[in-house]
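Asker: First the structure, which I've put down as structure tokens, then a few questions once you've had a look.
The values are calculated or read from the model by the stated rules, or taken from the named source; none is laboratory data. Since this is a predicted model, take the numbers as computed values, not measurements. Note that we place each Cβ from the backbone using ideal geometry, even for glycine, and neighbour counts take in every protein chain shown.
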Amino acid sequence: MPASQTKRVALGVDHGTRRTGFAAVDASRILVSPLEAVQGGDAEALEAIAALCEERDVGVLVVGYPLHMDGGAGPRVAEVDAFISRAAERFPHLQVVRQDERLTTREAEERLRDAGYHGAQRKARKDSWSAMILLEDWIGAGEPR
């Protein structure tokens, strides 16, 4: 397979105004893992992406897109679009994909509860587990571009 078609690591990004969660899936799309969330806004999230790109062979950013249950744009769409634009400008070598994030937080909370996490432990992991679910959904949908 030519290098341009070789799959690379994908990062899931659950963008937040105060904390951004991250997850990664290996190039073979088998192992999806939550990573540490980053406190702060866009500047801190972009720095975290830069660090993750140095550590891993990242090719795709899968960013959670905040839609309403009816599929319409949620109130944070403009913020996420601005973040996506900044990410695409800073990392032109990465493909940036929007992924519907409806119900990912709820599912993350359920999984964390089932795994035995409570209180502060659950809160600290929720954003990255949401990013992990984003990646699982993206893979399950056939990695749409």
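Asker: Just one of ALA50, ALA78, ALA37 is over 12 Å from LEU11 (Cα atoms), over 12 Å from the mean Cα position of the chain (by Cα) and not charged (D, E, K, R); which is it? Lay out the reasoning, then the answer.
Answerer: On the way: ALA50 fails: over 12 Å from LEU11 (Cα atoms); ALA37 fails: over 12 Å from the mean Cα position of the chain (by Cα).
So the residue among ALA50, ALA78, ALA37 that is over 12 Å from LEU11 (Cα atoms), over 12 Å from the mean Cα position of the chain (by Cα) and not charged (D, E, K, R) is ALA78.
Asker: Does the range 1-28 hold any residues that are part of a loop (DSSP other than H, G, I, E, B) and at pLDDT below 95, and which are they? Full working, then the answer.
Answerer: Initial filter on the range 1-28 (part of a loop (DSSP other than H, G, I, E, B)): 1-2, 6-8, 15-18, 26-28.
Of everything in the range 1-28, those that are part of a loop (DSSP other than H, G, I, E, B) and at pLDDT below 95 turn out to be MET1, PRO2, THR6, LYS7, ARG8, GLY16, THR17, ARG18, ASP26, ALA27, SER28.
Asker: Just give me the residues in the range 125-140 being loosely packed, with under 12 Cβ neighbours inside 10 Å and in contact (Cβ under 8 Å) with a residue 24 or more places away in the chain, in sequence order.
Answerer: Scanning the range 125-140 gives no hits.
Asker: Restricting to helices (runs of 4 or more DSSP H) lying wholly in the range 41-145: which have 3 or more residues that are within 20 Å of LEU31 (Cβ to Cβ)?
Answerer: Working: elements: 42-55, 77-90, 104-114, 119-140.
The helices (runs of 4 or more DSSP H) meeting that bar are 42-55, 104-114, 119-140.
One line per residue, one yes/no per condition, for (1) closer than 21 Å to GLY142 by Cα; (2) among the aromatic types (Phe, Trp, Tyr); (3) touching a residue at least 40 places away in the same chain (Cβ under 8 Å):
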residue: VAL32; (1), (2), (3): yes, no, yes
residue: GLY40; (1), (2), (3): no, no, no
residue: ALA50; (1), (2), (3): no, no, yes
residue: TYR117; (1), (2), (3): no, yes, no
residue: LYS123; (1), (2), (3): no, no, no
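Asker: Also, quick follow-up: Which is touching a helix residue (DSSP H, G or I) at 6+ places or on another chain (Cβ under 9 Å) and within 17 Å of GLY16 (Cα to Cα), of VAL58, VAL77, VAL97?
Answerer: Working: VAL58 fails: within 17 Å of GLY16 (Cα to Cα); VAL77 fails: touching a helix residue (DSSP H, G or I) at 6+ places or on another chain (Cβ under 9 Å).
The conditions single out VAL97.
Asker: Same structure again: Test each condition in (1) surrounded by fewer than 17 Cβ atoms within 10 Å (Cβ to Cβ); (2) over 15 Å from the mean Cα position of the chain (by Cα) for GLU109 and report the one that comes out false.
Answerer: (1)
Asker: Taking the range 97-115 on its own, how many of its residues are at negative phi and without any contact (Cβ under 8 Å) to a residue 24 or more places away in the chain?
Answerer: As a first pass, look at the range 97-115 and keep what is at negative phi: 97-102, 104-115.
After this cut, where a residue has to be without any contact (Cβ under 8 Å) to a residue 24 or more places away in the chain as well, the list is 106, 109-115.
Total meeting the criteria: 8.
Asker: What residue, among those in the range 21-34 that are over 18 Å from ALA87 (Cβ atoms) and of a type outside the set (S, T, N, Q), is nearest to the chain's Cα centre (by Cα)?
Answerer: Filtering the range 21-34 for residues over 18 Å from ALA87 (Cβ atoms) gives 26-34.
Still in the list and also of a type outside the set (S, T, N, Q): 26-27, 29-32, 34.
On the way: ASP26: 14, ALA27: 15, ARG29: 15, ILE30: 16, LEU31: 15, VAL32: 11, PRO34: 9 Å.
Only one residue fits best here, namely PRO34.
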